[in-house]
Ligand code: KIV
């Protein structure tokens, strides 16, 4: 396995780096934005190769990678660790680090300092944080520090205890109006884009039309300026539950288990490793070893009278 960082293939090198400017331009041109989560080097490479516009290192990592019941236990150190791996694997997509619970809620100063760590230490190019009007000051100050911010309203998983579960938001006229206002406040505060999670499709379309900055939907219908999915949902890797709004493009969890069962069966039947997966000594070196061992009184099991080992004759 090569230990050097792979250089992008020619097809990739003709692609242009996606920036927050690209987001704005895509909305202006009516082109849809694609975004996926990734949490490690290999997945980031694949997402990049597929030409996806943006990678979110989401705090969903707490659930799909770290096995927590929700995103609340995820720490800054968890996030930075995974962001660094993603930054090593992906070059063309815009890279966004998700600010974890309690990294931006205590004070605006802490929010700015933690946002800065995503860019300074972890190779991210923007941050995302959850919340509406109550986050406007933090957004303003982070943006003032030169850090692009993506907003996130609707179902905000870090407020799962307050929301009473992972339930759709904005279904009443009053709640929907509040979300429209929040979206406009976040735009005014400087967000370059806003995630709309688990809100009615008509509302998401209305908000998307009201805003100049692009909206990225997840469980928000077709009227958003782009779509995001958690990659484990898309690939069918996470089998604990499948959110209603997630489409499983593959069922890799099953394929994963099948492959591992095949491995187990082959190992137990001595069908793996086969000759092509094994390395052998030159016959002369092998014979020299056997002779040397014999001379020093070591008895070698599994050798026949010609000195051939069982393995080398398979
Ligand atoms: O953490 C995450 O993956 C997210 C997306 C679902 C938007 O916030």
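Every number here is computed from the coordinates shown, using simple stated rules; none is lab data. Being a predicted model, the structure only gives us computed values, none of them experimental. Using ideal geometry, Cβ is built from the backbone for each residue, glycine included, and neighbour counts are taken over all protein chains shown.
Things worth noting here:
- Placing a label point 7 Å from the Cα of residue 88 along the Cα-to-Cβ direction, the residues of segment 31-56 whose backbone N falls under 13 Å of that point are 40-45.
- Over the chain, all Cα pairs binned in 20 Å intervals from 0 give whole-percent P(r) values of 28, 45, 16, 10, 1, listed from short to long.
- Residue order, fewest to most beta carbons within 10 Å, for 198, 296: 296, 198
- Residue 24 versus residue 292: modelled label distance in nm, points set 7 Å from Cα along the beta carbon direction: 7.0
- Once the Cα atoms are used to define both axes, helix 252-268 deviates from the longest principal axis of the chain by about 10 degrees.
- Taking 0.36 nm per residue of separation and subtracting the current Cα-Cα distance, fully stretching the chain between residue 300 and residue 107 would add 62.4 nm.
- Residue 177 versus residue 144: modelled label distance in nm, points set 7 Å from Cα along the beta carbon direction: 3.1
- Computed FRET value (nearest 0.05) for residue 240 with residue 159, which takes r as the C-beta separation and R₀ as 25 Å: 0.75
- Net length gained if the chain between residue 277 and residue 254 were fully extended (0.36 nm per residue, minus Cα distance): 5.7 nm
- Annotation: for a label point projected 7 angstrom from Cα along Cα→Cβ of residue 69, residues of segment 150-188 with backbone N closer than 17 Å are 157-167.
- Over the chain, relative contact order from alpha-carbon pairs under 8 Å, at least 6 apart, %: 13
- Counted by neighbouring Cβ atoms within 10 Å, the residues 98, 53 run from fewest to most as 53, 98.
- Under the criterion of Cα pairs below 8 Å and six or more residues apart, the relative contact order for segment 93-157 equals 34 percent.
- In terms of other Cβ atoms within 10 Å, 96, 279 run from fewest to most in the order 279, 96.
- DSSP beta bridges confined to the chain are antiparallel in about 5 percent of cases.
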